[in-house]
Structure formats: C-alpha cells, structure tokens
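See below for the structure under consideration.
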Amino acid sequence: MNHLGSHALAKTEIPVTLVATDDSKRWARLLVAVGRERDTAAFEALFRQYAPRVKAYLMRTGLNASLAEDCMQDVMVTLWRKAHLYDPTRAGVSTWLFTIARNRKIDLIRRAGRPEPEDLPWGPEPEPDQADVLALAQETDRLAEAIADLPEKQKDLVERAYFGEATHSEIAAATGLPLGTIKSRIRLAIERLRRSLQADASGASVGVSRTEANDQGD
Amino acid sequence: MTIRHPIPDDLLMGYAAGHLPPSHDLIVATAVSLDDDARARLAGYEALGGALLEEIAEEPLRDASLDTVMARIKNAQPVTISQPEGRDDVLPAPLREAVGGDLRAVRWKAAGMGVKQALLGSDAGGTVRLLSIPAGQAMPDHGHNGAEFTLVLQGAFVDGDDRFARGDMEVADAATEHQPVADAGEDCICLVVTDAPLKFSGLLPRIAQRFLKI
C-alpha cells in the first residue's frame, strides 16, 4: 500500500475545518486504490470499516441476520467489482456504498431490476480534481456531524424514517403522536440538517443549536 | 431546459431511501433524467443515507465473513457498464428500458377521444402508464382516490393557471378535481403514476375506467 493519508495538504497550513475531512478523504483514496490497482489491503480496510455497518443497515431495513450477512457479502464483492467506476468528486464512499446496498436489497425482494436515472454523459476522464474531492469530503463529514448533533429523538426519527424500519403510521402508533406531526417532524429534522449544512458552508460555527432543537421536541 | 414544476422532495427521498414501489421508482428515475437540479437533490438524499450509514451501530459479522469475501473477490471480474443503446428525444433511458425500445416500440391502446395509453406496470403501491393526449384536447375531468403524478415527456398541457412542459411534474391528491388540456401544436405524452384507481366524475368515463384500468 502506498502512503495513504499522508500526502494530502502537505505543503499548506491545514485550516482547522479541514482536519475533520481526513476520514472521508482516506476512505475515498482507499476505494480509488481498489479501483486502479486492485489493492487487496485497501479492500480489507474498507471491509473492516463498512461491512459491519452495511449489515446493520440491511438488518434495520427488515432483513434477518443471516440474509443481511449474505446480502452484505454480495455488496462488498460488488464494491470490488465496481471500484473502478467510483468517482470521488461525485459521492463519498459511504454514500456510494449505501446506494449499492440499497439496490442489492431491492433486487433481493423484487424480480425485476430497479429503474435508475440515465447516466450523465462521461467526458474524457482526467484525474479527479483534488479540490472537488476535498469539497465533497468536507460536505460528507459535515452531514455526518450534523446528524450526530441532532437531538436523540430527532436522530432516531430520521433513521427510522429513512431506513424504513417503520412506516410513518407505525412510528405514529409507537409514539402516540398523530401522523401529521410525525411527518412534519421528519421534515423539520431534515430541514434542520440542511440549514446547519448551509450555515457551515457559509463559514458559521457548527450546526444545530440544541436548545433550539429541543423546543421542537414535544 | 427550465423546469417550473419540479418533482417534489418526498418522492426523491423515498427513492433515495429505497422505500418506493416499482411504479413510483420509474417516474422518479425518469424525472431525474430530465432535471439536473432534481439529480442534485437526489444526490443530497443519498448522501443523507451515507451519513446515516456512518453513524449506525455496527452489527457483528459471521466468523468467516472476511475470508469468504476475500476468496470471492479473487476470481471476480470488474463490472463493465453497457451504454444504453439508441437514443430517443422523448423517452429517457429508464423509460426505454421499461418499454423495451424507443417511442415506436410503445404498445398504445386507444382510450377514446383520440387519447392513447400504454400500461407499463402495476403493483400494490400504484400503476404506471404512458398517456398520449391529442394536441389541443382535454383529458376527461377526473378526481382520484389517491395521489396522481404526471410527468410531461413531450408537448405540454395547461391545468387551471399552470402550464406543464417536458420535465415538469404535476402532483394531484385525492382532493384535486382537474382537467388538463394539451397545448395545440403537438400531442402531449406523459408518464402517469397513480396511487389508487382514478375516479371519473362522468358516468361514461367511469364505465370506460373499468375497461381501461385507468
């Protein structure tokens, strides 16, 4: 393996806001290494990081442990087989992997394949622009931070709505809240995420104010 | 292309999360193919999925998990992407896939008054069809039991004060009684998804509905 994680940003002073992007950048670099060099050590690192998460995601969407394990293995093999198609300027590794896991799961429960948007026309493929890679990695990290910063109740709601573990009606039944309230809270949580990202992007300090968020909690 | 009536966020999030029935997936994939802003919003919802994946509590793997996968990748060939064959000015790739060809391959059925339709799929969550309305003509006045999504692929229609052209999506819910009228000049071709069977207000259309499965 080459010196992953060491050569980026070497010559300039590293601004504080960039430190947090090391993780996303590192995973992206490992995935590119798998695509270009069929680097098995990079693959193993990605496996150790993401396989337990992909399995957890699949279980939360309703697969039992055994099916989720099988499905996760397929997903990781697909990662290997598609790594050369990964474009670090278009998606973070977790996002890319999430869409593979989601599609694989849908393929499992449907006979027919799933329609996907028309692919954008590919131009001549130059080296990915490092500034673009960095910008995307930053965004990915900010989103993860914004989610981590959500009040526990809202985070739980977003996760349950998104991973489809429960329908809105089931959440309503479980929490005793009316369906309309549930839907508007999920929207609120997502809106909050979006705003905290915009605030970050415009250089303000990190995301969500907890007191403000808690006002919405009941 | 300017999209004045873009696909709503809840459809994009449902698609990103993988919750939608197949009929709805098709209209989302088609709408996103026609609207770069929708593509960006979809990417945002997929990034949300990725961020949740980073945050999720890990699940223990089977003991031999890594060994099994390492053995499998030894002989695994890289995936080659096949470029979608042909081009069509009306049907984007996901629709060509569903139709099994370009616009000429659509198997239209007459639906009365020059209106043609082609059923593309039906599942527990809804029905998806192509609809062709002759230039200048009105669709039968109808309400719905559930939501109805109409994506314009060719031509345009006017409904009340709003005009919908290629790439625009009209969303009607159970309360909406509407009567889209196709622009003069060109037949209007739309992809329509209904959550539940439409209910027509006139008797004749209601009888027709039983046969046409609108």
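Each value in this text was obtained by applying a stated rule to the coordinates, not by laboratory testing. All of these numbers come straight from a predicted model, not from anything done at the bench. Glycine gets a Cβ as well: all are built from the backbone with ideal geometry, and neighbour counts include every protein chain shown.
With +1 assigned to the C-beta of every Lys and Arg and -1 to the C-beta of every Asp and Glu, and no other charges, what is the dipole magnitude of chain B about the Cα centre in debye, to the nearest 20? Walk me through the numbers on the way to the answer.
Working: 19 positive and 32 negative charges, 225 e Å.
Here the size comes out at about 1080 debye.
Would you list A:M76, B:M70, A:M59 from fewest to most Cβ contacts within 10 Å?
Values: A:M76 27, B:M70 15, A:M59 20.
Ordered from fewest to most neighbouring Cβ atoms within 10 Å, A:M76, B:M70, A:M59 come out as B:M70, A:M59, A:M76.
Quantify how strongly other chains surround peptide A:50-56 by giving the mean number of their Cβ atoms within 10 Å of each of its Cβ atoms. List each step's numbers first, then the result.
On the way: counts 3, 6, 7, 8, 5, 7, 6.
Counting Cβ atoms of other protein chains within 10 Å of each residue's Cβ and averaging gives 6.
What is the mean number of Cβ atoms from other protein chains located within 10 Å of the Cβ atom of each residue in peptide A:93-100, rounded to a whole number? List each step's numbers first, then the result.
Working: counts 3, 9, 12, 3, 3, 12, 6, 0.
Mean shielding count: 6.
Tell me the relative contact order for region B:1-155 as a rounded percent, counting alpha carbon contacts under 8 Å between residues six or more apart. Could you put the intermediate results ahead of the total?
Numbers: 123 pairs, mean separation 35.9, N = 155.
Dividing the mean separation by the residue count of region B:1-155 yields 23 percent.
Which value, in Å³ per residue, describes the convex hull spanned by the Cα atoms of chain B? Could you put the intermediate results ahead of the total?
Details: hull volume 35.3 nm³, N = 214.
That works out to 165 Å³ per residue.
Using alpha-carbon pairs under 8 Å, 6+ residues apart, how would you state the relative contact order of region B:1-84 in percent?
Computed over region B:1-84, the figure is 27 percent.
In the structure shown, do any of A:K25/A:K55; A:K82/B:K109; A:K105/B:K109 have a Cα-Cα gap over 30 Å, and if so which?
On the way: A:K25/A:K55 23 Å; A:K82/B:K109 41 Å; A:K105/B:K109 35 Å.
Result: A:K82/B:K109; A:K105/B:K109 exceed 30 Å.
Give the order of A:F98, A:F163 when sorted by the count of other beta carbons within 10 angstrom, beginning with the fewest. The partial results should precede the final answer.
On the way: A:F98 29, A:F163 23.
Least to most surrounded, the residues fall as A:F163, A:F98.
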